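Heads up: the structure comes next, in C-alpha cells.
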Amino acid sequence: MIVNREEMAMATCTQLSSSSSLFHPQITKKPFLLPSPATISVHGFSTLRPKSLSLSHRSSVSASAASSSVDVTEQKKSTRTLPFRVGHGFDLHRLEPGYPLIIGGIDIPHDRGCEAHSDGDVLLHCVVDAILGALGLPDIGQIFPDSDPKWKGAASSVFIKEAVRLMDEAGYEIGNLDATLILQRPKISPHKETIRSNLSKLLGADPSVVNLKAKTHEKVDSLGENRSIAAHTVILLMKK
C-alpha cells in the first residue's frame, strides 16, 4: 500500500498536539511569551529594564545624582558621631646633662634630662597627641607651639588638662590607654606605679584603664645609647 508522506506527517503532528502524555499536568500549552521590554527576570526576580535615555535626559540625571551624593556626604561630615575613637601619640626627646628627667609628671633621678621647650615630659606629650589624634585635632606642636614664649619651661600637666577639656567638650571619655616608654636608663620599674597613678589622676581616669610599659632599646642608636628617650601611646575614647 502506498502511503502519502505528507498525510503521515500531518497525522503525526495531530496526534502529538492532542496527546496529554507529552506534557506535565502543571505545564500549560500556552505559547511562550518574551517579557515585555520594560521588565526582565534574573534568577526568579523581576526588575525593570532601563529605558533608553536621550543625551539631555542622561546629563540631567547624572547631575542630579552627583548633587545628591555631595549633599549626603556633606551631611555625614556635619552630623556623624562615632561611638568610639582611637588615637596614637609618639614623642622623642634628647637626653642632656643639666636637665631634670620628668616622666608622667614625676621627677625621676638621673644624670640627664630632656632638652625641650617645656619641661620635656615625653610621656605626657605623647598622651596629649594621642587624645588630640583621636579627636581629629591638630597635634600638640600646633596647639602649644615651641615658638610661643609662654610655654617656655611650662609643666606638661597644663597640656594634659587642655586635652582632657577638649575631650570632655566633644562628649568623650577614656575607654583605656596603653603607653610604652623606650629608654636605656634609668630603670623605670621602681617608678612605674607612681607614674601610672599620677597619669590616671591627671586624666581623671580610673587607674584600671591606664597601662604603662617600659622597654630598653638593646643599646641600639640614640635610645640604646642613653642619648634620647621616646614614648608611644594608644588611646580609646568612648562616647559618654
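Every read-out reported here was derived from the displayed coordinates using simple, explicitly stated rules and does not represent laboratory data. This structure is a prediction, so every number in the text was calculated from the model and none was measured. Backbone-built Cβ (ideal geometry, glycine too); neighbour counts: all protein chains shown.
Given 0.36 nm per residue, what is the gain on full extension from Glu225 to His117 after removing their alpha carbon distance, in nm?
36.6 nm
Using label points projected 7 Å from each Cα along Cα→Cβ, tell me how many nm separate Asp139 and Asp107, to one decimal.
3.0
Just the number, please: Stokes-Einstein D of the stretch 99-144 in µm²/s, Kirkwood Rh from C-alpha pairs, 37 °C, 0.692 mPa s.
My calculation gives 289 µm²/s for D.
Label points 7 Å out from Cα along the Cβ direction at Asp146 and Leu166: separation in nm?
So the two model labels end up 1.9 nm from each other.
Please report the base-10 log of the normalised intensity I(q)/I(0) for the stretch 181-240, using a Debye sum with one equal scatterer per alpha carbon and no solvent, at each q in 0.29 (1/Å).
Cα-only, vacuum Debye calculation for the stretch 181-240: -1.18.
Kirkwood-based Rg over Rh for the stretch 102-240 (C-alpha set), two decimals?
In the stretch 102-240, Rg relative to Rh is 0.96.
With label points built 7 Å along Cα→Cβ from the Cα atoms of Val86 and Ser208, find their separation and express it in nm.
Output for this residue pair reads 2.3 nm.
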